[in-house]
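Colleague: Attaching a single structure in structure tokens format; questions to follow.
What follows is calculated from the coordinates using simple rules that are stated; it is not laboratory data. In this text, all values refer to a predicted model and were calculated from it rather than measured experimentally. Heads up, the Cβs are rebuilt from the backbone with ideal geometry, glycines too, and the neighbour counts pull from every protein chain shown.
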Amino acid sequence: MSVSNYAKALYAVAKEQNKIDLITGQFDIFKDMIKEEWISMMDSPMLSSDEKMAKIDALDFDASFLAFLKMLSSKHHMHYYLEIYNEWIHMSRKFQGIAHIHIYSAKSITKEQEATLRKVIQPRFPNQKLDFNITIDEHLLGGVKIVHQGQSLDRSIARELKELYTII
């Protein structure tokens, strides 16, 4: 089963049970709290299936999310959890009407600049709430680079200079 299929299966169960927000929160907590050693242990043949299931049951999560983790562990695919998480976030944000926009800037963005960016970008995402993740990128000379689902709008000075160089 592919990473995308795992995320789709979890999404289908969560949607059917009206638990998308709950599972999203729990997946966030799981991702932040879990260590690589724990993931390796869950994929390892050295630990019995019963021991793995007991360790998963010890986590304080919803039964649906625990069942998902048990399934990953039983197939020795627990190490895919970050890739599955990324797929999950994409699907849950789409369902919740959230457009996740990553903005790279040469320097910190003021509240006024952020409000202007929202005003300019919002018409491209009707009926969606914008969620900005702003990163300071020292490699940019100035300007911004906006990324949404792998597509980018690069309005940085470095790109402008590169474009000018190719024209000359």
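Colleague: What FRET efficiency comes out for Ser49 versus Leu82 if R0 is 25 angstrom and r is the Cβ-Cβ distance? Round to the nearest 0.05.
Modeller: Working: r = 23 Å, r/R0 = 0.92.
For R0 = 25 Å, the calculated efficiency reads 0.60.
Colleague: Return the sequence-ordered ³J(HN,Hα) values of segment 6-16 in whole Hz as given by the Karplus equation 6.51 cos²θ - 1.76 cosθ + 1.60 applied to θ = phi - 60°, using x for Gly and Pro.
Modeller: 4, 5, 5, 5, 4, 4, 4, 5, 5, 5, 4
Colleague: So what is Rg over Rh here for segment 1-54, counting just Cα atoms and using Kirkwood for Rh?
Modeller: Working: Rg = 13.5 Å, Rh = 13.0 Å.
Using Cα coordinates only, the ratio equals 1.04.
Colleague: What ³J(HN,Hα) values, in whole Hz, does the Karplus curve 6.51 cos²θ - 1.76 cosθ + 1.60 give for segment 96-105 when θ = phi - 60°, with x put for Gly and Pro?
Modeller: Per residue, the Karplus-derived 3J(HN,Hα) values read 7, x, 10, 9, 8, 10, 9, 10, 9, 9 Hz.
Colleague: Still on this structure: Per residue of the chain, what 222 nm ellipticity follows from adding -39500 (n - 2.57) for every DSSP H run with n ≥ 4, rounded to the nearest 500?
Modeller: On the way: 8 runs with 95 residues, N = 168.
That calculation yields -17500 deg cm²/dmol at 222 nm.
Colleague: With r as the distance between the Cβ atoms of Leu164 and Ala58 and R0 = 35 Å, compute the FRET efficiency 1/(1 + (r/R0)^6) and round to 0.05. Write out the running numbers ahead of the final one.
Modeller: Numbers: r = 59 Å, r/R0 = 1.69.
That gives a FRET efficiency of 0.05.
Colleague: Also, I was wondering about something else. Can you tell me how the chain classifies by the Cα gyration tensor, rounded, prolate or oblate, using a/c under 1.5 as the rounded cut? List each step's numbers first, then the result.
Modeller: Values: a/c = 2.83, a/b = 2.02, b/c = 1.40.
Note, shape of the chain comes out prolate.
Colleague: At a Cα cut-off below 23 Å, give the lysines reachable from Lys111, other chains included and same-chain residues fewer than 8 away excluded.
Modeller: Reachable lysines: Lys119, Lys129, Lys145.
Colleague: Same structure, new question: Using a simple spin-label model with points 7 Å from Cα along the Cα→Cβ vector, what separation in nm is obtained for His139 and Ser108?
Modeller: If labels sit at His139 and Ser108, their model points lie 2.4 nm apart.
Colleague: So what are the three principal axis dimensions of segment 98-167 from its Cα atoms, in whole Å, longest to shortest?
Modeller: Answer, in whole Å and largest first: 40, 24, 18 Å.
Colleague: Hey, another quick one. Which far-off residues, 5 or more places away or on another chain, put their amide H under 5 Å from the one on Ile98, with H placed in the peptide plane?
Modeller: Amide H neighbours of Ile98: Lys129.
Colleague: Another question, then. Could you pull out the trypsin sites (Lys or Arg not before Pro) across segment 2-88 that fall in loop regions by DSSP (anything but H, G, I, E, B) with no more than 10 other Cβ atoms inside 10 Å? Write down the numbers at each step before the final one.
Modeller: Details: sites: Lys8, Lys15, Lys19, Lys31, Lys35, Lys52, Lys55, Lys70, Lys75; in loops: Lys19, Lys35, Lys75.
For trypsin sites (Lys or Arg not before Pro) across segment 2-88 that sit outside H, G, I, E and B with at most 10 neighbouring Cβ atoms in 10 Å, the list reads Lys35.
Colleague: So what's segment 3-94 giving for Cα Rg divided by 2.2 N^0.38 Å, two decimals? Don't jump to the answer; show the numbers that get you there.
Modeller: On the way: Rg = 12.5 Å, N = 92, 2.2 N^0.38 = 12.3 Å.
Rg over 2.2 N^0.38 Å, computed on Cα atoms: 1.02.
Colleague: Right, another one. With an 8 Å Cα cut-off and a minimum separation of 6 or more residues, compute the relative contact order for the chain in percent.
Modeller: On the way: 164 pairs, mean separation 34.7, N = 168.
The value is 21 percent.
Colleague: Which of the lysines could a cross-linker bridge to Lys70, judged by Cα under 23 Å and excluding same-chain residues fewer than eight apart?
Modeller: Those lysines meeting the cut-off are Lys8, Lys15, Lys19, Lys31, Lys35, Lys52, Lys55.
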